[in-house]
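Working notes, structure below.
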Amino acid sequence: MLKKLKRWSETFCSVNHFDKKFSFNEDVYLVKGAKHSAIYNLAKGNVYSVDYAFQNVLDLALIGQTPKEIITQTDNNLYETIGFLNKLAERELGGWYEGPTHPPKSYKDLPPPPCDWELRLAWLVLTDRCNLHCIHYYRDSGPPRLSEKEIVLSQGFRHLISQLAELGCSAVQFTGGEALLMEDQLLDLIPACEEKGIRVEVFTNLTLFTSRIAKFFKQHNVRVATSLYAPDDKLHDSITTVKGSFARTVGSIRELVSEDIPLRIGVIVIPQNENSLNETIRFAKEELCVDRVRAGGVLRAGRGCAVASEEFIPSDEKLSFPKTSKEDFVAKLHGHNCLRGGKIAITPTGDVLPCPCVQYVVLGNVKRQILSDIIVSDGLKQVWGLTKDKIETCKDCEYRYGCFDCRARAESLTDKPTDCWYNPHKP
């Protein structure tokens with residue numbers, strides 16, 4: 001929750017506090033940006049921006065100065081100073097005290113989470129081909145014929161699964177392109193994962209889904225992920241560019257639900273479907289009976305570059321700011337919300353990526369290298385050890401430990417996301 005702390009009138013002031021000191025409560029921290037600051041209440045998850053006029057007041061208060069001392073060093077009068085600090089106390093961010101100065105707390109002293117350099121999840125991209133031609137898709141997928149490189153790699157995926165299991169990988173997502181275009185290979189690889197104790201999810205547009213595949217997925221405890229773009233065929237099909245795709249996807253969703261196969265739906269928000277977002281989510285949850293439904297913006301990669309203008313920000317991203325738990329804050333302080341340890345993607349040509357969407361970082365190739373060598377490489381350690389403090393512009397932002405960052409929405413590993421509208425350098 002993002003809230004603005006503005007000037008407070010004399011109504012909130014108490015001159016009884018003019019010679020008292022103020023300190024933050026437990027689990028409340030100040031994070032400074034280039035021009036502004038933010039207060040994180042990790043006990044409740046709220047994030048507050050600090051009015052520019054009161055930043056010096058707060059800085060001086062947190063080192064033990066009283067309002068009587070603060071007003072000699074700022075442009076704020078006594079009533080404004082006490083009123084501002086009183087309002088922080090009303091929000092349960094801090095309180096008044098007398099006696100020896102409390103040592104200032106720093107979020108940098110929070111202990112890091114356990115270091116996680118073990119592989120936990122692998123995305124296996126079976127093919128770049130797809131039977132749809134979605135206007136936003138992050139890979140330039142389409143209907144070209146199967147390449148020799150894909151045939152060779154699909155035959156070698158069984159060996160890769162053994163390597164993944166030896167490295168401790170506990171989950172695999174098969175994806176594409178469209179994973180079901182490689183149906184025979186997929187149905188061969190799923191039991192291989194099951195034998196090694198690796199959980200399986202398949203990401204598919206569900207237009208090629210059949211009752212036979214449903215029974216197979218049920219038998220082998222496979223989870224499914226898919227995309228839905230609209231609550232009706234006209235809009236959905238205009239985005240996939242294939243007539244009838246909505247009917248086939250929705251029909252498959254209904255079959256998955258009836259078979260009690262775990263399913264999650266992603267709604268990619270682009271200018272063409274933003275106005276129908278709420279209705280699409282309602283349709284998925286109430287009419288299709290799917291509990292796990294999540295909306296997200298388009299990635300500026302592949303064909304997504306053509307529909308993701310820098311001016312377009314989905315309305316839900318403009319208006320909301322997520323709550324930030326202590327666990328989440330510490331994780332983002334010491335790592336990246338998405339890339340921190342334990343994940344890789346392997347493409348149809350054997351390239352190893354941090355995730356399927358971050359295609360500009362190639363860490364190695366499994367046709368030329370042993371997977372275990374890639375996992376311990378300096379390149380992967382750099383990715384897994386990335387923090388917002390190493391990303392341009394983000395490192396100067398007071399909200400850097402509260403927002404979610406997707407590296408696929410940036411042009412390099414350390415560039416600011418192209419869809420971020422906020423400028424921390426602006427007064």
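Screening residue 100 with (1) exposed (fewer than 14 other Cβ atoms within 10 Å of the Cβ); (2) in contact (Cβ under 8 Å) with a residue 12 or more places away in the chain; (3) out of contact with any helix residue (DSSP H, G or I) (no Cβ under 6 Å at 6 or more places or on another chain) gives one miss only, at (2). Every residue in region 16-60 that is without any contact (Cβ under 8 Å) to a residue 24 or more places away in the chain and polar (S, T, N, Q), please. Correct list: 16, 55, 56. Of all residues in region 238-260, those that are aromatic (Phe, Trp, Tyr) have Cβ atoms under 6 Å from Cβ atoms of residues that are surrounded by 20 or more Cβ atoms within 10 Å (Cβ to Cβ) and in a helix (DSSP H, G or I), 6 or more apart or on another chain, in 246/236. hydroxyl-bearing (Ser, Thr, Tyr), over 20 Å from the mean Cα position of the chain (by Cα), in the same structural domain as residue 160 (by the TED database) and within 28 Å of residue 136 (Cα to Cα): is that true of residue 347 in this structure? Against the criterion (hydroxyl-bearing (Ser, Thr, Tyr), over 20 Å from the mean Cα position of the chain (by Cα), in the same structural domain as residue 160 (by the TED database) and within 28 Å of residue 136 (Cα to Cα)), residue 347 qualifies. Residues considered: 254, 223, 248. Of these, the only one that is touching a Pro at 6+ places or on another chain (Cβ under 8 Å) and not aliphatic (A, V, I, L, M) is 223. If you go through region 390-402 and pick out every residue that is touching a residue at least 12 places away in the same chain (Cβ under 8 Å) and surrounded by fewer than 20 Cβ atoms within 10 Å (Cβ to Cβ), you end up with 4. Residues in region 201-231 that are free of Cβ contacts under 8 Å to residues at least 40 places away in the same chain, within 23 Å of residue 268 (Cα to Cα) and of a type in the set (D, E, K, R): 1 in all. Of all residue pairs spaced 6 or more apart or on separate chains, those with beta-carbon atoms under 8 Å, a first member in region 62-74 that is part of a loop (DSSP other than H, G, I, E, B) and a second member that is β-branched (Val, Ile, Thr) are 63/101; 64/101; 71/81; 74/57; 74/81. What's the total number of residues in region 39-61 that are touching a helix residue (DSSP H, G or I) at 6+ places or on another chain (Cβ under 7 Å) and either part of a helix (DSSP H, G or I) or over 24 Å from residue 330 (Cβ atoms) (or both)? Number of matching residues: 4. The combined condition, being part of a loop (DSSP other than H, G, I, E, B), under 32 Å from the mean Cα position of the chain (by Cα), in the same structural domain as residue 94 (by the TED database) and more than 19 Å from residue 91 (Cα to Cα), is fulfilled by residue 34. With respect to (1) more than 16 Å from residue 180 (Cα to Cα); (2) surrounded by fewer than 18 Cβ atoms within 10 Å (Cβ to Cβ), the lone exception for residue 210 is condition (1).
Please report, ordered by residue number, the helices (runs of 4 or more DSSP H) entirely within region 220-312 with at least 2 residues that are at pLDDT 95 or above, in the same structural domain as residue 205 (by the TED database) and touching a helix residue (DSSP H, G or I) at 6+ places or on another chain (Cβ under 7 Å).
By residue number, 233-240, 245-258.
Residues that are more than 25 Å from the chain's Cα centre (by Cα) and assigned to a strand (DSSP E or B) were ranked within region 95-130; the one that is farthest from residue 328 (Cα to Cα) is 129.
Scan region 162-186 residue by residue and report those that are β-branched (Val, Ile, Thr) and at pLDDT below 95. Residues satisfying the conditions do not exist here.
Reported count of residues in region 336-362, each being without any contact (Cβ under 8 Å) to a residue 60 or more places away in the chain and surrounded by fewer than 21 Cβ atoms within 10 Å (Cβ to Cβ), is 4.
The values are calculated or read from the model by the stated rules, or taken from the named source; none is laboratory data. Because the structure is a prediction, the values reported are computed rather than measured. Every residue, glycine as well, gets a Cβ built from its backbone with ideal geometry; the counts of neighbours run over all protein chains shown.
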